[in-house]
1. For the range 53-68, how many residues are in a helix (DSSP H, G or I) and either surrounded by 14 or more Cβ atoms within 10 Å (Cβ to Cβ) or under 23 Å from the mean Cα position of the chain (by Cα) (or both)?
2. Where in the range 104-202 are there helices (runs of 4 or more DSSP H), lying wholly inside it, with at least 3 residues that are modelled with pLDDT of 90 or more?
3. Taking only the range 123-154 into account, find how many residues are buried (at least 18 other Cβ atoms within 10 Å of the Cβ) and over 24 Å from residue 173 (Cβ atoms).
4. Can residue 94 be described as surrounded by 12 or more Cβ atoms within 10 Å (Cβ to Cβ) and at pLDDT 85 or above?
5. Would a scan of the range 76-91 turn up a residue that is within 19 Å of the chain's Cα centre (by Cα) and either at pLDDT 95 or above or part of a helix (DSSP H, G or I) (or both)?
6. If the requirement is being out of contact with any helix residue (DSSP H, G or I) (no Cβ under 9 Å at 6 or more places or on another chain), loosely packed, with under 14 Cβ neighbours inside 10 Å and over 27 Å from residue 106 (Cα atoms), which of these qualifies: 71, 50, 83?
7. Taking residue 173, is it within 30 Å of residue 60 (Cβ to Cβ) and either free of Cβ contacts under 8 Å to residues at least 12 places away in the same chain or out of contact with any helix residue (DSSP H, G or I) (no Cβ under 6 Å at 6 or more places or on another chain) (or both)?
8. Just to be sure, is residue 33 touching a helix residue (DSSP H, G or I) at 6+ places or on another chain (Cβ under 7 Å) and either at pLDDT below 90 or part of a strand (DSSP E or B) (or both)?
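The values are calculated or read from the model by the stated rules, or taken from the named source; none is laboratory data. Since this is a predicted model, take the numbers as computed values, not measurements. No Cβ is skipped: glycine too gets one built from the backbone with ideal geometry, and neighbour counts run over all protein chains shown.
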């Protein structure tokens with residue numbers, strides 16, 4: 001879910017409180033001063049959306065009211081700015097130069113917001129346990145949110161501080177992204193190896209995430225390191241399943 005807060009000098013040309021924009025998964029709310037904010041109607045709307053992909057256009061006048069309602073329905077506690085959403089007419093998918101097209105052409109985007117996403121606690125505990133175990137060669141792990149383009153978590157072996165700073169994680173992610181839709185990428189360095197995995201629909205992480213494993217052991221055999229990474233990735237996935245089961249049972 002993303003919320004784009006806007007302002008405009010004219011009233012958006014829609015009849016009701018909100019309107020779906022074709023089949024684009026985007027919804028605009030009216031900026032009419034006298035438009036009543038019907039909480040029950042909005043709750044019904046929120047029950048019909050695809051949480052991961054929907055984009056709302058919300059006028060500044062009802063921003064706080066709308067976000068408060070969304071928070072209560074989805075147990076969201078914190079939002080952060082997200083300016084990755086494009087705002088051109090073509091991206092919105094409007095066809096024809098009608099009144100709505102003209103409105104979007106003149107409206108001004110103030111800020112983009114999305115729920116702040118954090119790694120589940122059980123998964124964090126699993127990753128911290130993996131990097132602290134000196135019986136495996138994994139010195140650092142990172143998790144990257146592909147859709148929202150943000151690093152969710154990173155951890156390293158406390159006896160090898162600076163491992164994560166030693167390697168450019170953004171470059172590792174960029175290399176992975178450039179190879180298409182492969183599920184795994186291996187990068188060799190002079191003093192280490194990085195193995196990354198694409199995990200889709202990763203439980204309560206939603207959408208897609210890249211899990212990266214790094215070893216700084218010189219001369220580490222790729223085959224051996226690969227075995228440890230895949231085994232530990234299964235442990236991390238199991239921790240996500242446990243987290244989901246705990247949430248379902250509570």
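1. First pass over the range 53-68, keeping only residues in a helix (DSSP H, G or I): 60-68.
Cutting the leftovers down to either surrounded by 14 or more Cβ atoms within 10 Å (Cβ to Cβ) or under 23 Å from the mean Cα position of the chain (by Cα) (or both) gives us 60-64, 66-68.
Qualifying residue count for the region: 8.
2. Numbers: elements: 121-132, 163-166, 169-177.
Result: 121-132.
3. 0
4. Working: surrounded by 12 or more Cβ atoms within 10 Å (Cβ to Cβ): yes; at pLDDT 85 or above: no.
When the stated conditions are applied, residue 94 does not pass them.
5. Filtering the range 76-91 down to residues within 19 Å of the chain's Cα centre (by Cα) leaves 76-87.
Now restrict to residues that are either at pLDDT 95 or above or part of a helix (DSSP H, G or I) (or both): none.
No, the range 76-91 contains no residue that is within 19 Å of the chain's Cα centre (by Cα) and either at pLDDT 95 or above or part of a helix (DSSP H, G or I) (or both).
6. On the way: 71 fails: loosely packed, with under 14 Cβ neighbours inside 10 Å; 83 fails: over 27 Å from residue 106 (Cα atoms).
50 is the lone residue from the list that is out of contact with any helix residue (DSSP H, G or I) (no Cβ under 9 Å at 6 or more places or on another chain), loosely packed, with under 14 Cβ neighbours inside 10 Å and over 27 Å from residue 106 (Cα atoms).
7. Details: within 30 Å of residue 60 (Cβ to Cβ): no; either free of Cβ contacts under 8 Å to residues at least 12 places away in the same chain or out of contact with any helix residue (DSSP H, G or I) (no Cβ under 6 Å at 6 or more places or on another chain) (or both): yes.
So residue 173 fails the test.
8. Working: touching a helix residue (DSSP H, G or I) at 6+ places or on another chain (Cβ under 7 Å): no; either at pLDDT below 90 or part of a strand (DSSP E or B) (or both): yes.
No.
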